[in-house]
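As structure tokens, the structure follows; a few thoughts come after it.
The values are calculated or read from the model by the stated rules, or taken from the named source; none is laboratory data. Keep in mind that what you see is a predicted model, and the values were worked out from it rather than measured. Backbone-built Cβ (ideal geometry, glycine too); neighbour counts: all protein chains shown. Heavy atoms of the whole protein, side chains included, go into the accessibility calculation; ligands, DNA and RNA do not. Shrake-Rupley method; radii C 1.70, N 1.55, O 1.52, S 1.80 Å.
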Amino acid sequence: MTSRPKVRALVVGAGIGGLTAAVTLRSVGVDVEVYERARELKPAGGALSLMSNAVLALRTLGIDLKLEEHVEILEQLHFRTKRGKLIRTLEFKEICDRLGAPSFGLHRAELQSLLLAAAGDVPVTLGAQATGYEAGADGVRVRFADGSEAHGDVLIGADGFNSAIRRTLAGPETPFEPGYVCWVATPHFSHPAIPKQYGAHYWGRGRRFGIANIGKGQVYWWGTKNMPAEQARDWQGTRAEIEQTYAGWAPEVEACIQATPPEEITAFPARDRPFLERWGEGPVTLLGDAAHPMMTSLGQGAAIAMEDAAVLAHHLKGAEDLPAALRGYERARLARTRSVVAAAHSLSELEQTERLTQLAGRRLFFTFAPRSVLDKQNIDLLDYHAAAAAEVTP
Ligand SMILES: Cc1cc2nc3c(=O)[nH]c(=O)nc-3n(C[C@H](O)[C@H](O)[C@H](O)COP(=O)(O)OP(=O)(O)OC[C@H]3O[C@@H](n4cnc5c(N)ncnc54)[C@H](O)[C@@H]3O)c2cc1C
């Protein structure tokens, strides 16, 4: 009896989603090749929160990145007024304990190196900018900007917000830009109000600030400010503007900015896209931000990309009909990702609001909402198994 030759998967993009796909697909016996536009693997955007749902999803394939041995566990998240007065604390630890998997705050470089280690011998070709693909009876061919090509049985577009694979599939689209900028940085710095495992959001009017102690002497901070979309898209301001934006806020907020050399602050425009209902055709599919970019408000973009990678591997494991397996993966992910994208969008609107009635409503809700209501909102996001059980199966 002849067995089917190993499936050859081309993954375009070596971000969090693409590298996780390399790990998960390899774990189910798929031959993976990763193609990345950048000439050097340098993660953009400082740090991130990586929630329990990503850990739980990887575990379904027996993959454990052992994050707790390397990075800080997120146990609580404080919501504060801009001057630092406590509004509410979310007890993450209890929720994560219930779910059996921690959540983390970590530097992107740390996650990237753990994923690369777990990807083992998967080849990652740098300086390979995909421009499009052609699918045929013999699989799929990806074209690169330098004129070269790669051929595989399936193609996974994990090339982020401006995905070339998505563009080939869905045509040109206009992003949604609500009109605010997000500054991020990870200075080496300590402050008495930022103890180990500290995580907090400070809320202002049309602006907010976040702080997380990510260990190893580093603090992750991010701040947002409403401004015209075209200005946010290409913010060219100075650190003085950022200092001004948060002048009079809690002392630890001001201290974070002052501790950061201006060249270490990165600015991102806030943006997402109308939800795409069709992620693939034939041997091609999408994953992560390429499939479902979302606002950063829930801190879930990376974790949901990792969930995608786990579910994709389950569908491709031992599959004979590869396009059918990819359509199964897409069907399985649509409801979950659609709801998380929508929730992130709504939260982003509420967080950036300048309307006094909404500001008052936000404060009242977070002050008085029963703990069970807040816990349920978090469990809905973090409980990967419940989300997977609700997935539409073929
Ligand atoms: C400011 C900010 C804060 C965030 N905070 C969090 C957080 O706390 N928690 C969280 O879970 N998520 C967070 N996110 C979201 C998270 O970063 C993304 O959802 C996640 O990185 C998506 O991973 P991805 O692999 O799909 O895309 P990316 O990480 O964007 O990776 C795409 C990769 O594809 C490459 N690429 C692009 N085009 C091509 C091409 N044509 N050919 C080849 N390669 C290409 C890129 O160079 C990149 O390496 C945040 C995002 C931002 C902007």
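Solvent exposure of the chain, expressed per residue, is 43 Å² of accessible area, with all protein chains present and a 1.4 angstrom probe. Among the protein heavy atoms, those of L126 account for about 70 Å² of accessible surface (1.4 Å probe, every chain in place).
Would you mind counting up the charge near T186? Only other residues with Cβ under 12 Å from its Cβ, with Lys and Arg at +1 and Asp and Glu at -1. Its environment carries a net charge of 0. Of the trypsin sites (Lys or Arg not before Pro) found in the stretch 27-75, those that fall in a DSSP loop while having at most 11 other beta-carbon atoms within 10 Å are R39, K66. Counting only residues at least eight positions apart within a chain, or on another chain, the aspartates and glutamates with an alpha carbon under 15 Å from that of K66 are E110. Relative contact order for the stretch 180-269: 39 percent, from Cα pairs under 8 Å spaced at least 6 residues apart, divided by residue count. Coupling constants for the stretch 33-38 follow from the phi torsions by the Karplus curve (6.51 cos²θ - 1.76 cosθ + 1.60, θ = phi - 60°), and in residue order they are 10, 10, 10, 10, 5, 5 Hz; glycine and proline get x. Compared with the dominant Cα axis of the chain, that is its longest principal axis, helix 16-27 is turned about 40°.
Think of the stretch 13-104 as having a plus end and a minus end, set by charges on the Cβ of Lys, Arg, Asp and Glu; of A14, I87, T60, I87 sits farthest toward the positive end of this dipole. Entry note, the stretch 9-129: relative contact order of 40 percent, from Cα contacts under 8 Å with a spacing of 6+ residues.
Our helix-only sum for the chain, with -39,500 (n - 2.57) per DSSP H run of n ≥ 4 divided by its residues, gives a mean residue ellipticity at 222 nm of -11000 deg cm²/dmol.
FRET efficiency for the A229 to A170 pair, using the beta carbon distance and R₀ = 25 Å, is estimated at 0.70.
All other residues whose Cβ lies under 12 angstrom from that of L61 are scored, Lys and Arg at +1 and Asp and Glu at -1, for a net of +1.
Bridging of K85 to lysines at a Cα separation below 29 Å is possible for K93, K196, K216, K225, K376, once same-chain residues fewer than 8 apart are set aside.
Here the chain is treated with +1 on each Lys and Arg Cβ and -1 on each Asp and Glu Cβ, and its dipole about the Cα centre works out to around 1000 debye.
Computed on the chain, with alpha-carbon pairs under 8 angstrom and 6+ residues apart, the relative contact order is 22 percent. For the stretch 78-119, applying the loop criterion from DSSP together with a ceiling of 10 other beta carbons within 10 Å to the trypsin sites (Lys or Arg not before Pro) yields K85. The residue among F268, A250, F189 whose Cα reaches farthest toward the positive pole of the charge dipole of the stretch 180-269, with charges on the beta-carbon of Lys, Arg, Asp and Glu, is A250. Using a 1.4 Å probe on the protein chains only, how many percent of the accessible area of the stretch 180-269 belongs to carbon and sulfur? That share works out to 50 percent. Placing unit charges on each Cβ (+1 for Lys and Arg, -1 for Asp and Glu) gives the chain a dipole about its Cα centre, and among G127, F161, G206 the Cα reaching farthest toward its positive end belongs to G206. Amide H contacts of L286: G157, each under 5 Å away and 5 or more positions distant or on a separate chain (H built 1.01 Å from N in the peptide plane; Pro and chain starts excluded).
Centre-to-centre separation between the Cα atoms of the stretch 254-322 and those of the stretch 29-73: 12 Å. For the stretch 212-298, applying the loop criterion from DSSP together with a ceiling of 16 other beta carbons within 10 Å to the trypsin sites (Lys or Arg not before Pro) yields K216, R278. Dipole magnitude for the stretch 252-378: computed about the Cα centre from +1 point charges on Lys and Arg Cβ and -1 point charges on Asp and Glu Cβ, it is near 620 debye. Taking all protein chains together and rolling a 1.4 Å probe, R26 ends up with roughly 100 Å² accessible. Scalar couplings 3J(HN,Hα) for the stretch 276-290, obtained by applying the Karplus form with A = 6.51, B = -1.76, C = 1.60 to θ = phi - 60°, are 8, 8, 10, 9, x, 7, x, x, 10, 8, 10, 7, x, 4, 4 Hz; x denotes Gly and Pro. For V11, the amide hydrogen comes within under 5 Å of the amide hydrogens of E33, V34, Y35, I156, counting only partners 5 or more places away or on other chains and with H modelled in the peptide plane.
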